[in-house]
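A.B. asks: Following this message is one structure expressed as structure tokens.
The values are calculated or read from the model by the stated rules, or taken from the named source; none is laboratory data. As the structure is a computational prediction, the values presented were derived from the model and not from experiment. Don't worry about glycine lacking a Cβ; one is built from the backbone with ideal geometry, like all the others, and counts go over all protein chains shown. The area values use the complete protein model at the heavy-atom level, side chains included, leaving out ligands, DNA and RNA. Shrake-Rupley method; radii C 1.70, N 1.55, O 1.52, S 1.80 Å.
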Amino acid sequence: MLLKISAFVLTSFALFAQSIGGFWKTVNEETGLAQCVIAVYEYENLYYGRIIGTYDSVGNMTDDIYQPKERAPGVLGNPFYCGLDIIWNLRDDGARYKGKILDPEKGNVYNAELWVNEGNLIVRGKFLFFGRNQTWLPAVDADFPKGFKKPDRSKLIPAIPEVY
């Protein structure tokens, strides 16, 4: 009987999505270098993702929310990349979080599914039946420049960008 109860509890936990909140590092699949850090935060029971820092071609964070430099050409008004919400309205459906994701370079918005697998965040952008997965890694202190103050995710308020 104890074995049946244990199996039921373990199966039940698998049906609920793990929280996706935190700081996540995207990595260029061709070069293996870090591209940016995204703060995934909760606001009114939905999740959002904001770029808080980007890396140069040799892997140094040179652009951040405190001194943004580079702009997103695919977004109306060409806002800075850093500080831009690229994920929004993610709702927990029990196994994954589903919402929208933005390609800030081209201005394309896709359906998105996110979930945690083995400590990494799997991000799937989808258009119709086609989709592509990316694996985002947990951002650790060494991923930030010395003295960088991570924003308090509980104080972030969504700003959904407009695209052309």
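A.B. asks: Mind putting a number on the dipole of the chain about its Cα centre? Charges go on the C-beta only, +1 for Lys and Arg and -1 for Asp and Glu, and I need it in Debye to the nearest 20.
C.D. replies: Numbers: 18 positive and 19 negative charges, 64 e Å.
Charge dipole of the chain: 300 debye, to the nearest 20.
A.B. asks: Continuing with the same structure: Can you find, among Pro145, Trp88, Ile51, the residue sitting farthest towards the positive end of the charge dipole of the chain, where Lys and Arg contribute +1 and Asp and Glu -1 at Cβ?
C.D. replies: Checking the options against the dipole of the chain, the answer is Trp88.
A.B. asks: Between helix 2-14 and the chain, what is the angle of the helix's C-alpha long axis to the longest principal axis, kept within 0 to 90° and rounded to the nearest 10?
C.D. replies: 20
A.B. asks: Right, here's the next one. Do the alpha carbons of any pairs in Lys126/Lys150; Lys98/Lys149; Lys106/Lys150; Lys69/Lys106 sit beyond 23 Å of each other, and which pairs?
C.D. replies: Numbers: Lys126/Lys150 30 Å; Lys98/Lys149 29 Å; Lys106/Lys150 28 Å; Lys69/Lys106 18 Å.
Beyond 23 Å between Cα atoms: Lys126/Lys150; Lys98/Lys149; Lys106/Lys150.
A.B. asks: Further, regarding this structure: Under a point-charge model restricted to the Cβ atoms of Lys and Arg (+1) and Asp and Glu (-1), what is the dipole moment magnitude of the stretch 56-107 relative to its Cα centre, in debye to the nearest 20?
C.D. replies: Numbers: 7 positive and 9 negative charges, 51 e Å.
For the stretch 56-107, the charge dipole is close to 240 debye.
A.B. asks: Something else about it: In whole percent, and with a 1.4 Å probe on the protein chains, what portion of the accessible area of the stretch 14-164 is carbon and sulfur?
C.D. replies: With neighbouring chains kept in place, the figure for the stretch 14-164 is 50 percent.
A.B. asks: Moving on. Please give the FRET efficiency for Ser154 paired with Arg132, using the beta carbon to beta carbon distance and R0 = 41 Å, rounded to the nearest 0.05. The partial results should precede the final answer.
C.D. replies: Numbers: r = 31 Å, r/R0 = 0.75.
Once the sixth-power term is evaluated, E becomes 0.85.
A.B. asks: With θ taken as phi - 60° and the coefficients 6.51, -1.76 and 1.60, list the Karplus ³J(HN,Hα) couplings across the stretch 96-107 in order, rounded to whole Hz; mark glycine and proline as x.
C.D. replies: 9, 9, 10, x, 10, 9, 10, 8, x, 6, 9, x
A.B. asks: Taking trypsin sites (Lys or Arg not before Pro) that fall in a DSSP loop and have at most 13 other Cβ atoms within 10 Å as cut points, what is the longest piece of the chain between them?
C.D. replies: Values: sites that count: Lys69, Lys106, Lys146, Lys149.
Longest stretch, sites excluded: 1-68.
A.B. asks: Residues with beta-carbon under 15 Å from that of Asn28, excluding Asn28: net charge, scoring Lys, Arg +1 and Asp, Glu -1? Please report the intermediate quantities before stating the final value.
C.D. replies: Values: positive: Lys25, Arg132; negative: Glu29, Glu30, Asp56, Asp103, Glu105, Asp143.
Here the charged neighbours net out to -4.
A.B. asks: What full-extension length gain, to one decimal in nm, is calculated for Asn28 and Tyr164 as 0.36 nm per residue of separation minus the Cα-Cα distance? Write out the running numbers ahead of the final one.
C.D. replies: Numbers: separation 136, 0.36 × 136 = 48.96 nm, distance 2.57 nm.
Gain in length upon complete extension: 46.4 nm.
A.B. asks: For n ≥ 4 DSSP H runs only, could you compute -39500 (n - 2.57) per run for the chain, divide by its residues and tell me the 222 nm figure to the nearest 500?
C.D. replies: Working: 1 runs with 13 residues, N = 164.
Result for the chain: -2500 deg cm²/dmol, rounded to the nearest 500.
A.B. asks: Here is a further query. Let me check I've understood the local charge: for Lys149, count other residues with C-beta under 12 angstrom from its C-beta, Lys and Arg +1, Asp and Glu -1. What total comes out?
C.D. replies: Working: positive: Lys146, Lys150; negative: Asp64, Asp141, Asp152.
Around Lys149, the surrounding residues sum to -1.
A.B. asks: What GluC sites (Glu not before Pro) in the stretch 89-164 are in a loop by DSSP, with at most 13 other Cβ atoms within 10 Å of the Cβ? Please list the in-between numbers first.
C.D. replies: Numbers: sites: Glu105, Glu113, Glu118, Glu162; in loops: Glu105, Glu118, Glu162.
Passing both the DSSP loop test and the Cβ count: Glu105, Glu118, Glu162.
A.B. asks: Considering the convex hull of the alpha carbon atoms of the stretch 11-159, report its projected area averaged over all viewing directions, in nm², one decimal. Spell out each step's value before the answer.
C.D. replies: Values: hull surface 38.2 nm².
Mean projected area of the Cα convex hull: 9.6 nm².
A.B. asks: What is the extension gain from Glu118 to Asp56, computed as 0.36 nm multiplied by their sequence separation minus the C-alpha to C-alpha distance, in nm to one decimal? Don't skip to the answer; put the middle values down first.
C.D. replies: Working: separation 62, 0.36 × 62 = 22.32 nm, distance 2.77 nm.
Stretched out fully, the Glu118 to Asp56 stretch lengthens by 19.6 nm.
A.B. asks: A follow-up question, please. What is the local net charge at Phe80, summed over the other residues whose Cβ is closer than 14 Å to its Cβ (Lys, Arg +1; Asp, Glu -1)?
C.D. replies: Working: positive: Arg50, Lys69, Arg71; negative: Asp63, Asp64, Glu70, Asp85, Glu105.
Local net charge: -2.
A.B. asks: Taking the Cα-to-Cβ direction at Arg91 and at Glu44 and moving 7 Å from each Cα, how far apart do the two end points lie in nm?
C.D. replies: Inter-label distance under the simple model: 1.4 nm.
A.B. asks: In Å², what does the accessible area per residue of the stretch 21-164 work out to with a 1.4 Å probe? It would help to have the intermediate numbers written out before the result.
C.D. replies: Working: 8150 Å² over 144 residues.
On a per-residue basis, the stretch 21-164 sits at 57 Å².
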